[in-house]
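Presented below is the structure to which this report refers.
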Amino acid sequence: MISANSTPGSSGPARAILVGVDVGGSAAFDATLDELALLAESAGDIAVARVIARRKAPDPALFIGSGKADEIKALVLGHQAEAVLFDQALSAAQQRNLEKHFGVAVADRTMLILEIFAARAQSHEGKLQVELAQLQYLATRLVRRWSHLERQRGGIGNRGGPGEAQIELDRRMIGERIKAVKARLEKVKRQRSTQRRSRERNQTYRVSLVGYTNAGKSTLFNALVKARSYAADQLFATLDTTTRQFYLEDAGRSVSLSDTVGFIRDLPHKLVEAFEATLQEAADADLLLHVVDAASPVQGEQMAEVQRVLAEIGASTIPQVLVFNKFDKLEHTQRPRTLTDTLELDGGTRVPRVFTSALEGQGLDELRRVIAEAVAGTLAARLNSSDSTPHPVLANSADDASADQLRTGTQNFLAST
């Protein structure tokens, strides 16, 4: 399936062909490639065509097979494309073979995410974390691309074999740099640990925002603490953790609120490792505000991905409040009857949910009250009391398809927590 999005010859961002491969009916496959298009846009590229391929298994040499590779090459020439972007991870050999075949740069999803992170990191810590992830990724890409740079054989009269290949020099240099960056990040980690212990001594209640990228976490953060952190309608607008204090009138005290990096499907494991110091804010929190894009058609998958990463960093057991943000983008027939409700999980545990529009300021008072209950220690008792009845999910129960989608996406995710 191929569709063109623009005409060749236009000036502006780098022109890219998007490629998605459905291998064995993978549940993570994005048939629309919309998220890859957003990633490309965030990296400064523009999608001029999209290609969908279906295979039982990846081709070892070209990932997509020679026939589909020829088809994409024709698109590259026809659209004067400068890059081909794959929604799946490619091996180093596959990437090299595809670049030779297409005659243009080839990047997979992991490389694209790393490029965005590198462009967005602002703090010293964020830059170190991105550099580490890039170095670890690059170390797997050294597949004799520089064989022509091998050292000369031994001097006159010597019969030794070829000297140390450039690839070995590069691998050694990368290894040394990785060690140096890890050492510096360990220092940052110790500094953050000291800051956390200081907050613990001051009995500061810690709240962290987590969620899929572009769910509106930074906008919600700014609305709650009246800050001016960078927020934009794009993927990975925020990489560096920001922490602010804000006062809860109902609790009669201040709490700390941290805005963390957004998660995304197939977030590279090395990137999760590199951002351990930043993500530790979520792992050490007393309460997680799991921000969900209420208008997203794939919110169930996005919520499940957030839960997977939370489990990976050891934060899956921390109490959560579901914050269904951007509900102003829902159709009026899908909007909630009340801004707060309760979802009952398997085993009878109930979890609070608050509908908000951080952009318009709706639902923020209700969210503050729920946080205040959590601080006071009364939230769990209220949720699980016998007279606490869950509210309807949608205002119009006749819209069964939309209601079922919203309920199923939420309940499937919560059942896994």
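Quick notes
- Members of the stretch 265-282 found to be modelled with pLDDT of 75 or more and either in contact with a Lys or Arg (Cβ under 9 Å, 6 or more places away or on another chain) or polar (S, T, N, Q) (or both), listed by number: Arg265, Asp266, Gln280, Glu281
- Within the stretch 292-327, the set of residues being within 30 Å of Glu186 (Cβ to Cβ) and either part of a strand (DSSP E or B) or not β-branched (Val, Ile, Thr) (or both) comprises Glu305, Gln307, Arg308, Leu310, Ala311, Glu312, Gly314, Ala315, Ser316, Pro319, Gln320.
- Count of the stretch 274-333 residues which are over 23 Å from Thr110 (Cβ atoms), open to solvent by 10 Å² or more (accessible area, probe 1.4 Å), of a type in the set (Val, Ile, Thr) and in contact with a helix residue (DSSP H, G or I) (Cβ under 8 Å, 6 or more places away or on another chain): 2
- Checked against the criterion of being at negative phi, in a helix (DSSP H, G or I), open to solvent by less than 30 Å² (accessible area, probe 1.4 Å) and free of Cβ contacts under 8 Å to residues at least 40 places away in the same chain, the stretch 31-49 has at least one qualifying residue.
- Some residue of the stretch 356-364 being modelled with pLDDT under 85, crowded, with 18+ Cβ neighbours inside 10 Å and not acidic (Asp, Glu): no
- Answer residue from the stretch 150-184, given it is of a type outside the set (D, E, K, R) and at pLDDT 85 or above and is least open to solvent (accessible area, probe 1.4 Å) among those: Val181
Conditions tested, residue by residue: (1) modelled with pLDDT of 75 or more; (2) closer than 19 Å to Thr110 by Cα; (3) not in a loop (DSSP other than H, G, I, E, B).
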residue: Leu209; (1), (2), (3): yes, no, yes
residue: Thr219; (1), (2), (3): yes, no, yes
residue: Ala223; (1), (2), (3): yes, no, yes
residue: Ala232; (1), (2), (3): no, no, no
residue: Thr238; (1), (2), (3): no, yes, no
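- Verdict on Arg145 being at pLDDT below 85 and either open to solvent by less than 50 Å² (accessible area, probe 1.4 Å) or hydroxyl-bearing (Ser, Thr, Tyr) (or both): no
- Within the stretch 328-338, being among the basic types (Lys, Arg) and assigned to a loop (DSSP other than H, G, I, E, B) holds for Arg335, Arg337.
- Restricting the stretch 80-91 to residues that are over 15 Å from Asp108 (Cβ atoms) and within 30 Å of the chain's Cα centre (by Cα), the residue that is surrounded by the most Cβ atoms within 10 Å (Cβ to Cβ): Ala81
- Ala285 vs. criteria hydrophobic (A, V, I, L, M, F, W, C), modelled with pLDDT of 85 or more, within 21 Å of Asp34 (Cβ to Cβ) and outside any helix (DSSP H, G or I): no
- Some residue of the stretch 55-68 being among the aliphatic types (A, V, I, L, M) and in contact (Cβ under 8 Å) with a residue 60 or more places away in the chain: no
The values are calculated or read from the model by the stated rules, or taken from the named source; none is laboratory data. These figures come from a predicted structure and were not determined experimentally. For neighbour counting, all protein chains shown are included, and Cβ atoms are generated from backbone atoms with ideal geometry for every residue, glycine included. When the accessible area is computed, the model is the full protein with side chains, heavy atoms only, and any ligands, DNA or RNA have been set aside. Shrake-Rupley method; radii C 1.70, N 1.55, O 1.52, S 1.80 Å.
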